[in-house]
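*Asks:* For reference, the structure I am asking about is given below.
The values are calculated or read from the model by the stated rules, or taken from the named source; none is laboratory data. Small disclaimer: the values here were computed from a predicted structure and weren't measured. Virtual Cβ from ideal backbone geometry, glycine too; neighbours counted across all protein chains shown.
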Amino acid sequence: MKKTVQNRLASLFLAAGLLASSVAFSAPSVDEIVNKTNFVAYYQGQDGKAKVKMTITDEQGRDRTRQFTILRTDEPQTDSLENNDYKGDQKMYVYFNRPADVNKMVFMVWKHPGGSDDRWLYLPALDLVKRIAATDKRTSFVGSDFYYEDVSGRNLEDDNHELVSTDDNYYVIKNTPVNPDSVEFSYYTMYIHKETFLPIQTEYYDKNGALYRTNKTLKVDTIEGFPTVTKSSMENLKTKSKTVMEYSKVSYNLGLPEEIYTERFLRKAPRKWLR
Amino acid sequence: MLRKSALLTALIATQLAPLAQAAPPALPSGISTGSPSMPAGLGSKPTLPGGLTTQDPDSNDFSDSYDDETPLSISGFWEARGGLRTQSDSNERGTSIGETRLQLEMQKEFELFTANLTTDLIYDTVDRQRHIDLEQGKGWLDLREANIEFSPADFIDIKLGRQILTWGTGDLLFINDLFSKDWNSFFIGRDEEYLKAPSDAIKSSFFSSAVNVDLIITPHFDADRHIDGRRVSYFNPTLDAISGQNTIIKTDQPHGSEVAVRLYQTFGTYEIALYGYDGFWKSPAGFDMTSGLATFPELSVYGASLRGPLSKGIGNIEIGYYDSKDDSSGKDPLISNSEFRFLVGYEQELIKDLTISVQYYLEWLMDYDNYRNTLPPSSHERDEYRHLLTTRLTLLTLNQNLRWSLFAYYSPSDGDAYLRPKVNYKIDDNWSAEVGGNFFLGEQTHTFFGQFRHNNNLFAAVRYGF
């Protein structure tokens, strides 16, 4: 009797072990993880909208705010992760409300991952449609601690990705730039939530290997089935400046017309879609 | 046995992944209460806590008066601006600018149209004229915008009324943009937005996949707020001297309409446009001997532009033919000849937060022999080709809150230059302050920038935006 119990226990352990190993085998590859994260962070739905409030707090504790509405449409007509079909060009329309000096200003991007983006700026007081020459994607986005690249997504092919550890909650990915001279970091580490594939924390290390910049996801909401970061922060440990981004009125698959991302709607804001 | 393997795994993990030594972040709200430091089996399955999925995503909505849903949005700024000439000018005041201004921008959306109203209330200590001249922008009120926008069909936008209009690819150089400019504001140190004077016009825009068309009709000719000696001294050819308030230019404004058209399309990321204009020279370009008034002779302009990515920046090219219809042979010495104008520009972000742009611009006087042959004796002869180079440097520092900029014009053919340095600091979300200057250099008094040599000025301003 005792023996059978032992046998049963043994077989149970064996089964558990097999199960564990099969789970281990079905664990996603690094490529799958980074693509899923890229998808969840930047490509969910055919299009999307969010109202964003940024609070930039400097070393002395002074706050500056930015408020804008962001519209985004993906060129690929699918959300499929198979063959990374979700990935491709995107168009973004950013309509500013605050501060007062940028009220009604529009920033438009045609994002080409792997190439240079096309950027336009509309200055309403002059009725001027300006083309922006900005090659460095790692410059501050509207004076915040977020870079353009943090807002619009960094091209996956620009880094080598390595799964350095896995724990109960996270896949920990180390990302090393393919072309180290093009960026200010030596590598960055992402803690990717295993369930949702959302990047929960990203740590940037400088050329001396010291941590100097941290991005944290502070709040997640599931909106229309999509896990969505609704509050995040970026802290620069060198300048002691920190920016908190809060998202509201997030929605997906609105059916945004492609024409929004043209000169017509730079000059005449598509109010219907910005509400 | 189990403990041993766990230890082994941990050991391997630490060996392979020194990164894992750093404490992993706690999960944010909305994901799980499970923390990675929790023992296995407890926090291993971070699922969304119940109730979160039903949470209203709008709960952290921070919409305010700027929100589009409010029936009426009001924004604007108040500013005070003062400036001094850095040299004496016998024909102008020492104070180049001294004014305070409240701009109120109102926008109201109705079901079928949007109404825009932007008014500037001004107290000007330099130009004490109190009665309002909306055309010339004089007096205590300047109406910047008063229009309604509507779309009678999916592919048509109409903007009717007073509006600011801009097109073309030049940076502070205009070939096909023949909408009114305010050169006085530009030279005395007002904000750059005031270089654009409003037009009272009907703008109709038609959109299609093949081509987009803008048609702008200005029923009554809107002249530039041109240099007339009131605020800025200039070279007066009849006196052969720099003049100002002693000889204010009086004009005879034509009674006619203006039509401007633009056809444009984007191919890939290259923007191509064709332009046409029929109206009048926007600043005086003629003189009526009998009345002694400066005139705005008839003008038609035909042009084209191309703008798009080039190397690591943005390149643009624009051409225009100015057909001075009242003097098509170029034999009338009192009316400007026809011109061919050309510009090519390039802008690039040199290093992080430092942008540089350069432009080359050409004015080629047509019928140059006729011009020379009919030129009254002892007049200053214009060159056949006026070459102009410009550069703009913009440096952003202190988290982009401190902006250093320099715009410089230099003409090797005229031997003159114009420098516009400026430093602007955003104190906080509402307050900003700036100092800047306008400096004119030239060997001769009759060249385009050289004539403004007595108008060099320094200015400072504070602004509160709301």
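*Asks:* Having 2 or more residues that are charged (D, E, K, R) and away from chain A (no Cβ under 14 Å) is the bar; report the strands (runs of 3 or more DSSP E) wholly within the range B:200-266 that clear it.
*Replies:* Values: elements: B:212-218, B:234-236, B:241-243.
No strands (runs of 3 or more DSSP E) qualify here.
*Asks:* While we're on this one: Just one of (1) within 13 Å of another protein chain (Cβ to nearest Cβ); (2) crowded, with 18+ Cβ neighbours inside 10 Å; (3) over 19 Å from residue A:84 (Cα atoms) trips up residue A:185, so point out which.
*Replies:* So residue A:185 meets the others, but not (1).
*Asks:* Go through the range A:251-269 and give me each residue that's closer than 22 Å to residue A:102 by Cα, of a type outside the set (D, E, K, R) and in contact (Cβ under 8 Å) with a residue 12 or more places away in the chain.
*Replies:* A:260, A:261, A:265, A:266, A:269
*Asks:* Here are the criteria: (1) closer than 24 Å to residue B:353 by Cβ; (2) more than 10 Å from every other protein chain (Cβ to nearest Cβ); (3) crowded, with 20+ Cβ neighbours inside 10 Å; (4) in contact (Cβ under 8 Å) with a residue 24 or more places away in the chain. Tell me which single one residue A:192 does not satisfy.
*Replies:* (1)
*Asks:* Residues that are of a type in the set (D, E, K, R), in contact with a strand residue (DSSP E or B) (Cβ under 6 Å, 6 or more places away or on another chain) and more than 30 Å from residue B:288 (Cα to Cα): does the range B:397-410 have at least one?
*Replies:* First, the residues of the range B:397-410 that are of a type in the set (D, E, K, R): B:403.
So of that shortlist, the ones also in contact with a strand residue (DSSP E or B) (Cβ under 6 Å, 6 or more places away or on another chain) come out as B:403.
With more than 30 Å from residue B:288 (Cα to Cα) added as a condition, the list becomes B:403.
Yes: the range B:397-410 contains one or more residues that are of a type in the set (D, E, K, R), in contact with a strand residue (DSSP E or B) (Cβ under 6 Å, 6 or more places away or on another chain) and more than 30 Å from residue B:288 (Cα to Cα).
*Asks:* Right, another one. Restricting the search to the range A:93-125, which residues are among the acidic types (Asp, Glu) and either under 18 Å from residue B:73 (Cβ atoms) or facing chain B (nearest Cβ under 9 Å) (or both)?
*Replies:* If the condition is that a residue be among the acidic types (Asp, Glu) and either under 18 Å from residue B:73 (Cβ atoms) or facing chain B (nearest Cβ under 9 Å) (or both), then A:101, A:118 are the ones that fit.
*Asks:* Checking the conditions here, which among A:142, A:129 is buried (at least 17 other Cβ atoms within 10 Å of the Cβ), part of a strand (DSSP E or B), facing another protein chain (nearest Cβ under 10 Å) and among the β-branched types (Val, Ile, Thr)? Even if it seems obvious, please write down each step before you answer.
*Replies:* Working: A:142 fails: part of a strand (DSSP E or B).
Residue meeting the stated conditions: A:129.
*Asks:* Look through A:159, A:168 and report the one residue that is touching a strand residue (DSSP E or B) at 6+ places or on another chain (Cβ under 7 Å) and surrounded by 20 or more Cβ atoms within 10 Å (Cβ to Cβ).
*Replies:* Step by step, each of A:159, A:168 is checked, and only A:159 is touching a strand residue (DSSP E or B) at 6+ places or on another chain (Cβ under 7 Å) and surrounded by 20 or more Cβ atoms within 10 Å (Cβ to Cβ).
*Asks:* Here's another thing I want to ask about it. How many residues does the range A:198-211 contain that are surrounded by 21 or more Cβ atoms within 10 Å (Cβ to Cβ) and either within 7 Å of chain B (Cβ to nearest Cβ) or outside any strand (DSSP E or B) (or both)?
*Replies:* 3
*Asks:* Out of everything in the range B:190-199 that is within 11 Å of chain A (Cβ to nearest Cβ) and in a loop (DSSP other than H, G, I, E, B), what residue ends up being nearest to residue A:263 (Cα to Cα)?
*Replies:* Across the range B:190-199, the extreme among qualifying residues is B:198.
*Asks:* If you take the residues of the range B:356-391 that are free of Cβ contacts under 8 Å to residues at least 40 places away in the same chain and of a type in the set (Ser, Thr, Tyr), which of them is nearest to residue A:139 (Cα to Cα)?
*Replies:* For the range B:356-391, the residue satisfying everything is B:391.
*Asks:* Does residue B:392 satisfy the condition of being surrounded by 17 or more Cβ atoms within 10 Å (Cβ to Cβ), within 14 Å of chain A (Cβ to nearest Cβ) and either closer than 24 Å to residue B:419 by Cβ or at pLDDT below 95 (or both)?
*Replies:* Taking the combined requirement at face value, the residue satisfies it.
*Asks:* Regarding residue A:185, is this residue in contact (Cβ under 8 Å) with a residue 60 or more places away in the chain and in a loop (DSSP other than H, G, I, E, B)? Talk me through it step by step, then tell me what you get.
*Replies:* On the way: in contact (Cβ under 8 Å) with a residue 60 or more places away in the chain: no; in a loop (DSSP other than H, G, I, E, B): yes.
So residue A:185 fails the test.
*Asks:* Still on this model: Can you find a residue that is within 14 Å of another protein chain (Cβ to nearest Cβ) and either among the aliphatic types (A, V, I, L, M) or over 25 Å from residue A:105 (Cα atoms) (or both) anywhere in the range B:76-84?
*Replies:* Kept after step one, since they are within 14 Å of another protein chain (Cβ to nearest Cβ), are these residues of the range B:76-84: B:76-79.
Then drop every residue that is not either among the aliphatic types (A, V, I, L, M) or over 25 Å from residue A:105 (Cα atoms) (or both), which leaves none.
No - not one qualifying residue is present in the range B:76-84.
*Asks:* Please tell me if residue A:68 is within 30 Å of residue B:427 (Cα to Cα), surrounded by 20 or more Cβ atoms within 10 Å (Cβ to Cβ) and more than 12 Å from chain B (Cβ to nearest Cβ).
*Replies:* no
*Asks:* I'd like to check something: does the range B:407-416 contain any residue that is aromatic (Phe, Trp, Tyr), part of a strand (DSSP E or B), under 16 Å from residue A:102 (Cα atoms) and over 17 Å from the mean Cα position of the chain (by Cα)? I'd like the intermediate steps shown before the answer.
*Replies:* To start, the set of residues in the range B:407-416 that are aromatic (Phe, Trp, Tyr) comprises B:407, B:409-410.
Then keep just the ones that are part of a strand (DSSP E or B); that gives B:407, B:409-410.
Applying the additional criterion that residues be under 16 Å from residue A:102 (Cα atoms) yields none.
No, the range B:407-416 contains no residue that is aromatic (Phe, Trp, Tyr), part of a strand (DSSP E or B), under 16 Å from residue A:102 (Cα atoms) and over 17 Å from the mean Cα position of the chain (by Cα).
*Asks:* Could I ask something else about it? Any idea how many residues of the range B:373-428 are more than 15 Å from residue B:450 (Cα to Cα) and either among the basic types (Lys, Arg) or touching a Cys at 6+ places or on another chain (Cβ under 7 Å) (or both)?
*Replies:* Selection size over the range B:373-428: 4.
*Asks:* Still on this structure, I have one more. If you check residue B:111 against the conditions, is it in a loop (DSSP other than H, G, I, E, B), more than 11 Å from every other protein chain (Cβ to nearest Cβ) and either at pLDDT 95 or above or out of contact with any Gly (no Cβ under 6 Å at 6 or more places or on another chain) (or both)?
*Replies:* yes
*Asks:* While we're looking at this one, here's another question. Check B:136, B:107 and return the single one that is within 17 Å of residue A:123 (Cβ to Cβ) and either in contact with a strand residue (DSSP E or B) (Cβ under 8 Å, 6 or more places away or on another chain) or β-branched (Val, Ile, Thr) (or both).
*Replies:* Numbers: B:136 fails: within 17 Å of residue A:123 (Cβ to Cβ).
Criteria check complete, one pass: B:107.
*Asks:* Sticking with this one: How many residues does the range B:129-178 hold that are assigned to a loop (DSSP other than H, G, I, E, B), touching a Pro at 6+ places or on another chain (Cβ under 9 Å), of a type outside the set (Val, Ile, Thr) and surrounded by 16 or more Cβ atoms within 10 Å (Cβ to Cβ)?
*Replies:* First, pick out the residues of the range B:129-178 that are assigned to a loop (DSSP other than H, G, I, E, B): B:129-132, B:134-137, B:139-140, B:154-155, B:164-178.
Of the ones still in play, those that are also touching a Pro at 6+ places or on another chain (Cβ under 9 Å) are B:134, B:137, B:164-165.
Restricting the remaining residues to those that are of a type outside the set (Val, Ile, Thr) gives B:134, B:137, B:165.
If we keep only those that are surrounded by 16 or more Cβ atoms within 10 Å (Cβ to Cβ) as well, we get B:137, B:165.
The qualifying residues number 2.
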